[in-house]
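Take a look at the structure set out below.
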Protein chains: 4
Amino acid sequence: MMIVMKSDATEEQVHSVVERIESVGARAHRSSGEEVTVIGAIGDREHIARLELEGSPGVDRVVPILKPYKLASTQIRHGERSVLEIGGRKIGGEHFALIAGPCTVESRDQLLTAAHAVNQGGATMLRGGAYKPRTSPYAFQGLGTEGLRLLAEAKEQTGLPVVTELMDARDLEPVLEVADVVQIGARNMQNYALLSEVGRSGVPALIKRGLSSTLEELLMAAEYVLKEGNESVMLCERGIRTFETAYRFTLDLTAVPVLKELSHLPVIVDPSHAPGRRDLVEPLSLAAAAAGADGIIVEVHPQPEDAICDGPQQLRTADFARYAQKVEAAAAVAGKASFIAAAA
Amino acid sequence: MMIVMKSDATEEQVHSVVERIESVGARAHRSSGEEVTVIGAIGDREHIARLELEGSPGVDRVVPILKPYKLASTQIRHGERSVLEIGGRKIGGEHFALIAGPCTVESRDQLLTAAHAVNQGGATMLRGGAYKPRTSPYAFQGLGTEGLRLLAEAKEQTGLPVVTELMDARDLEPVLEVADVVQIGARNMQNYALLSEVGRSGVPALIKRGLSSTLEELLMAAEYVLKEGNESVMLCERGIRTFETAYRFTLDLTAVPVLKELSHLPVIVDPSHAPGRRDLVEPLSLAAAAAGADGIIVEVHPQPEDAICDGPQQLRTADFARYAQKVEAAAAVAGKASFIAAAA
Amino acid sequence: MMIVMKSDATEEQVHSVVERIESVGARAHRSSGEEVTVIGAIGDREHIARLELEGSPGVDRVVPILKPYKLASTQIRHGERSVLEIGGRKIGGEHFALIAGPCTVESRDQLLTAAHAVNQGGATMLRGGAYKPRTSPYAFQGLGTEGLRLLAEAKEQTGLPVVTELMDARDLEPVLEVADVVQIGARNMQNYALLSEVGRSGVPALIKRGLSSTLEELLMAAEYVLKEGNESVMLCERGIRTFETAYRFTLDLTAVPVLKELSHLPVIVDPSHAPGRRDLVEPLSLAAAAAGADGIIVEVHPQPEDAICDGPQQLRTADFARYAQKVEAAAAVAGKASFIAAAA
Amino acid sequence: MMIVMKSDATEEQVHSVVERIESVGARAHRSSGEEVTVIGAIGDREHIARLELEGSPGVDRVVPILKPYKLASTQIRHGERSVLEIGGRKIGGEHFALIAGPCTVESRDQLLTAAHAVNQGGATMLRGGAYKPRTSPYAFQGLGTEGLRLLAEAKEQTGLPVVTELMDARDLEPVLEVADVVQIGARNMQNYALLSEVGRSGVPALIKRGLSSTLEELLMAAEYVLKEGNESVMLCERGIRTFETAYRFTLDLTAVPVLKELSHLPVIVDPSHAPGRRDLVEPLSLAAAAAGADGIIVEVHPQPEDAICDGPQQLRTADFARYAQKVEAAAAVAGKASFIAAAA
């Protein structure tokens, strides 16, 4: 941590900062230029952070040098990338995963039709929501445990591992009975109680970036899970909030290469929720794959116009196989192995 | 709801939209200009919303006409403002509330010193966190139940109603034993399970706006509480995320008059977390009061340089009385009654 | 235009809005639901817009129905895409253009080396700045007319059409002597005097999206050029400002398919300025091409570590040919023809 | 400037950075912690900045220590605030200025009525646009020189100094004949040619913050004017672009105290353009004054419903005197002297 002093800081103020740094067992390293003095604090980063030197007399600002996350950082693996193995499917490194299925589990027929279609089209895993976070308390909130039961049936029939969202720690037990991957939604990315519970459970987690979360905060959310000893974490970019009103969210694909530089964890992209429109899902999927994403989680529905939730953004099952082939071609440009062959 | 058709929509596509609107028992009202056709859908708004006509063939976009919140809207009270009464203190209408206290409960001595100081300075309620949401899993997470016990003691000694944060629905019971107002933090604004539980409990709630939540989403979060029959809700602006890096968050004071126009609920401002710096707390507090806020929730600490958390932004207890007088003067410009006299 | 009245609007207020609409020769079309009245105004859009009915008594809000741009819209070409032909090179439709060269013209040697390298690597046009917009008045501002002279020489030697930035209408004449395409920078996107001058000159224009401009505003900037009878306009996405601090700007690739839906004009992406880092240029270029961009404008320098300006983000000339081949592969996924063959 | 090396940077890479720093005559100061090495570069800041060490092998990031602006910084005045004197009116320090008048000069009658009303109500200066930046090329672009002539007449009749916008350097001469203060609009904040011309002219300048400009960029824009020897510069906050759609722009009042900390220049707030609605102008004006602004620039019109431009946001002349008194009361809370008395 570097403490930049104000240009008019007194010698006494500099001295006081040095003393406080040394009081927690760290070393203070002073460097005075013509205009300002900078103090480097070397030692245990949590101890130094707790000093909260921002705003102390004479201090202009505090510049963190070390990243606040540890277990999520690339350094801990010495540059080697994590490859997760989930229900026999690999994700990370050269392995690309296409996770597909309906936004919400609506009925047995809807889910099984979608599951078989994405399985035949080359999907790696099946997604489907039993618990749905809805902005409005008057909107459909998901089928709950009945939805979980249907997901179990679809998994049995297709062999696809299941990804489903957990919103409330009190639902963890039933969700764990069917989920191969537990999804933490964007609105819950900083629900620390939930993250810790998922960490303790050991189940693979897919954490969506919050609507206005920085990459560092996303990695800190992952850190909450990793800290409990759970090493199976995927990061998911799903669009951030900006001033642009032509689409719901702005998909931030720069996050893909940057997250892969900062962290060893696989990076997934959700191309469905950001635009909220079916016709934009394919170009954004191809872009995500070409940018080097380790996977895509996409919404697919047998009859989107009848969907209870997010119909306008769901791909049609009839179009899925052709879509998967184009995604595979784009992923190949970024150096990924064929995933359709792997699924077959 | 208005459905704007594309300029090249066919007669058949227009007809199909009309039919779908009528299929849920609503009326469709067609209006064709030279360039485009617009279809008004009149009837039950949830039924129409579930059609999700966005993205249907020929549809350019769907424009909602009615607000999605009902119980939070000004119309439900015919323009009359809600005045909450909490532990004998009023907030809303002409009643301004100054809620003050330390960020985190750290020790008996720290809390009681702060509580007595803000009480003597004219505060309306006492704030203090027992459970702290922290970006880092390695940071101090609050004293928990011990913190709640100390808050109960401070309340008994000063008579000040207590505002404290709830992060996990599983902690609701112990929190309710001491809290006069339960705070929902910005990161939990869309934790729907938590909102519903607080709604069912009937305890007054102070809901902080999420870092990138629209006013409409904040009102929908309030709606989750109100829907359970709990009418005691306060809205709190605490800074939003923008591109500006000179401060942590950008306090959005336009939200104050606009929320008061859209909703009958009292509107509070937190001037401490947005800037993250003590010297900015006073100008922002005066601005918030002059903009017409119904109250301020501010952090005050006996020795901010020793604070475990957010020290740099906490006011000193020694400065509190003078600060409260300036806030009162600014609130008076906006037509509020004296609150220091009311507290005394 | 739809005028949504407040739920408590009086009959008189509704009547007054209707009268004002009719006063400009437009028709008013009234539609009353149970809760609100909506008035459709049908007629000349500029006349109606000038009424500025927002904020009139009883008016809740005004919803524009028609797009404010005309010449830039897809409708004017009945869905056919513009293909520009510049110095014998095509851009738009199936034609992908790779525009490459140094950020700034620094010296004869630097420019000619770069120009030959990108020409041999398959570039479609040469870029290079003679006038540089710099945040600091103390920074290098470009070689000016000497830079233009060098660009002319590079064009003569390689045959590549030249793209260069114009910042001041008073420099138009010398710039036109060498430029095949005039670039309007992001900071000048709403410099209307400049846009109109470029429109009148008839030179092809490449307009960069402002750091916080909406797509609609970008299209309105294009409209300023098109309105003067200049039909050769390219739109360029170059990153927008968001809260994320891990990179300079956030490249908004959703803009690519959406601009292509709204407008017939070719859409280019600048993958260099947004990340500001060389290692991110390739993944973002591949993503842009896969998303369907009609071209890329990228910075290439013989020795980036010696560059006067933006060195850290410029590709090395030595890496350019391999980079161009990967971009071509990604563009092929989106259906574009080979551009390297076309260049040869 | 501090150069933070990557944790796996080699000794050779560290050495190379040190050498490059020394190559421009600066000193390199090396500080190695357990995890990373940080190199401080001490010397001429422009020389060091031109090295552009970001992205060099082994470099993680570069942290600027010194502010990039000099003449605009508080240090250059040793903490003393600039007080400008314009046509006998002071602004800055304890002097608050209320600048009022119509958005656009529309007619002799409209302008003179507004000018007399704001003069009698206590305004310090008169505002009015002769050249208007409009998003649409089809919208009214201002009366031009005829508008300037009318402003001259209003100035003669009332004695109020005139503030008017300059959009094109080629209009500088006629504008200087009437303007006491030249306004640089938000869209032109980074039009460097325009800023330099205004700097050279010596006329007092009011620079509006760009829609997504940081405070540092606003200060750099001021630096372009100051560098030419023109010391009369005012900074103006007018709302930034955020995700919130309930209002046009989000007024950033934290900018007021922060700009006053960073710079000696007076800080003005425009409460009209951000909300775009008349009923929000007063609460935002009171908030701005209470936050410590040195002045307000507000739109006032005799009959806003007939205004050619921005009618919905203009105050009525009939309401101005009462409004000015409330603003004065709010400014007094922040320690400002009476300005209405000064105007009389």
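Label 7 Å along Cα→Cβ of D:R108; region D:284-303 residues with amide nitrogen under 20 Å?
D:302-303
Set the Förster distance to 60 Å, then compute FRET efficiency between C:E85 and B:E177 from the Cβ-Cβ distance, nearest 0.05. Can you show the working numbers first?
Values: r = 77 Å, r/R0 = 1.29.
According to the calculation, E is roughly 0.20.
What is the average number of partner chain Cβ atoms found within 10 Å of a Cβ in C:58-66?
Counting Cβ atoms of other protein chains within 10 Å of each residue's Cβ and averaging gives 4.
For B:G229, place a label point 7 Å out from Cα along the Cα→Cβ vector, do the same in each other copy, and report the separations in nm, one decimal, smallest first.
Distances between equivalent label points, in nm: 4.4, 7.5, 7.9.
Below 15 Å, Cα to Cα, which aspartates and glutamates can C:K155 reach? Residues fewer than 8 away in the same chain don't count.
Straight-line reach from C:K155, under 15 Å: C:D109, C:E146, C:E177, C:D180.
If the label for A:D306 sits 7 angstrom from Cα along the Cα-to-Cβ line, what are its distances to the same label in every other copy, in nm to one decimal, shortest first?
Between copies, matching label points for A:D306 lie 6.1, 6.9, 6.9 nm apart.
Dividing the alpha-carbon Rg of region C:173-285 by 2.2 N^0.38 Å yields what?
Cα Rg divided by the expected 2.2 N^0.38 Å: 1.07.
Let me check I have the definition right: for region D:76-148, take the eigenvalues of the Cα gyration tensor, multiply each by 5, take square roots. What are those semi-axes in whole Å, largest first?
Details: eigenvalues 176, 63, 17 Å².
Over the Cα atoms of region D:76-148, the semi-axes work out to 30, 18, 9 Å.
Rounded to the nearest 10 degrees, what's the angle between the helix C:108-121 long axis and the longest principal axis of chain C, both from Cα atoms, 0 to 90?
With rounding to tens, the tilt is 80 degrees.
Just to be sure I understand: if I project the alpha-carbon convex hull of region D:235-297 onto a plane and average over all orientations, what area do I get in nm²?
Hull-based average projected area comes out at 3.9 nm².
Taking all pairs of different Cα atoms in the protein assembly as shown, averaging 1/r and flipping that mean, what Kirkwood radius in angstroms comes out?
Working: mean 1/r = 0.0307 Å⁻¹.
One decimal place: 32.6 Å for the Kirkwood radius.
Normalised by the residues of region B:220-269, what does the relative contact order come to in percent, with Cα pairs under 8 Å and at least six apart?
Details: 49 pairs, mean separation 17.9, N = 50.
Once divided by the residue count of region B:220-269, the mean separation gives 36 percent.
Mind pulling the per residue volume of the convex hull built on the Cα atoms of chain C? Å³ is fine.
Hull volume normalised by residue count: 159 Å³.
Summed for both chains, how many Å² of accessible area, to the nearest 100, are buried between C and A with a 1.4 Å probe? Show your work: numbers first, answer last.
Details: alone 15650 and 15650 Å², together 28600 Å².
That pair hides around 2700 Å² of surface in total.
Provide the FRET efficiency to the nearest 0.05 for the D:R61-C:D319 pair, computing r from the beta carbons and using R0 = 35 Å.
Given R0 = 35 Å and the Cβ-Cβ separation, E is 0.95.
Report the per residue volume, in Å³, of the convex hull enclosing the C-alpha atoms of region A:26-154.
235
What's the ranking of A:158-164, D:12-18, A:218-224 by average number of surrounding C-beta atoms within 10 Å, highest first?
Details: A:158-164: 22.0, D:12-18: 16.7, A:218-224: 27.1.
In decreasing order of mean packing, A:158-164, D:12-18, A:218-224 become A:218-224, A:158-164, D:12-18.
What aspartates and glutamates sit close enough to B:K90 to cross-link, taking a C-alpha to C-alpha distance under 12 Å and skipping anything fewer than 8 places away on the same chain?
Of all the aspartates and glutamates, those that pass the test against B:K90 - Cα under 12 Å, at least 8 places apart if same chain - are B:D294.
With a cut-off of 8 Å between alpha carbons and a minimum separation of six or more residues, what is the relative contact order of region C:198-344 in percent?
After rounding, I find 17 percent.
Just the number, please: percent antiparallel of the DSSP beta bridges in the protein assembly as shown, rounded to the nearest 5. Mind dumping the intermediate values first?
On the way: 78 of 186 bridges.
Antiparallel: roughly 40 percent of the beta bridges in the protein assembly as shown.
Can you give the Kirkwood hydrodynamic radius for region D:191-235, in Å, rounded to one decimal and based on Cα pairs?
Roughly 10.2 Å, rounded to one decimal.
When each pair of different Cα atoms in region C:240-344 is counted once in the 1/r mean, what is the Kirkwood radius in angstroms, to one decimal?
14.4
Could you point to the residue in C:T245, C:V256, C:A287 farthest towards the positive end of region C:226-300's charge dipole, with +1 and -1 charges on the Cβ of Lys/Arg and Asp/Glu respectively?
It is C:T245.
To one decimal in nm, how far is B:E46 from the same spot in the other copies, if labels go 7 Å from Cα toward Cβ? Please give the shortest first.
Distances to the matching label points in the other copies: 4.7, 4.8, 6.7 nm.
At 1.4 Å probe size, with every protein chain present, just tell me what the per residue accessible area of chain A comes to in Å².
Each residue of chain A exposes 33 Å² on average to a 1.4 Å probe.
Lysine pairs, Cα distance under 20 Å, 8 or more residues apart or cross-chain: how many in region C:196-344?
5
List the residue from chain B whose beta-carbon is nearest to the axis that rotates chain B onto chain A, together with that distance in whole Å.
B:S212, 2
Would you calculate the convex hull of the Cα atoms in region D:54-102 and tell me its volume per residue in Å³?
Cα convex hull per residue, to the nearest whole number: 172 Å³.
I'd like the orientation of helix D:11-23 relative to chain D: the angle between its Cα long axis and the longest Cα principal axis, in ° from 0 to 90, rounded to 10.
So the inclination is approximately 60 degrees.
Given R₀ = 22 Å, what would the calculated FRET efficiency be for B:E146 paired with B:R170, taking r from the Cβ atoms and rounding to 0.05? List each step's numbers first, then the result.
On the way: r = 17 Å, r/R0 = 0.78.
The value I calculate is 0.80.
Could you tell me how many degrees, from 0 to 90 and to the nearest 10, lie between the Cα long axis of helix C:278-290 and the main elongation axis, the longest principal axis, of the Cα atoms of chain C?
Tilt of helix C:278-290: around 60 degrees.
Once every Cα of region C:138-210 carries one equal point scatterer and solvent is ignored, give the base-10 log of I(q)/I(0) from the Debye formula at q = 0.19 Å⁻¹, two decimals.
Per q value, in the given order, log10 I(q)/I(0) is -0.77.
Starting from the 7 Å offset along Cα-to-Cβ, what nm value, one decimal, do you get for the label separation of D:E19 and C:K6?
Result: 7.3 nm between the two label points.
Treating the Cα atoms of region C:12-63 as identical point scatterers in vacuum, please give the log10 of the normalised Debye intensity I(q)/I(0) at q = 0.21, 0.32 Å⁻¹, two decimals.
-0.71, -1.54
Using a Gaussian network for chain C with springs between C-alpha atoms less than 10 Å apart, which of these wobbles most: C:P312, C:P57, C:P68?
In the Gaussian network model the winner is C:P57.
The values are calculated or read from the model by the stated rules, or taken from the named source; none is laboratory data. What you see is a predicted model; the values in this text were computed from it and never measured. Backbone-built Cβ (ideal geometry, glycine too); neighbour counts: all protein chains shown. Each accessible area value is taken on the protein alone, full model and side chains, heavy atoms only, with ligands, DNA and RNA left out. Shrake-Rupley method; radii C 1.70, N 1.55, O 1.52, S 1.80 Å.
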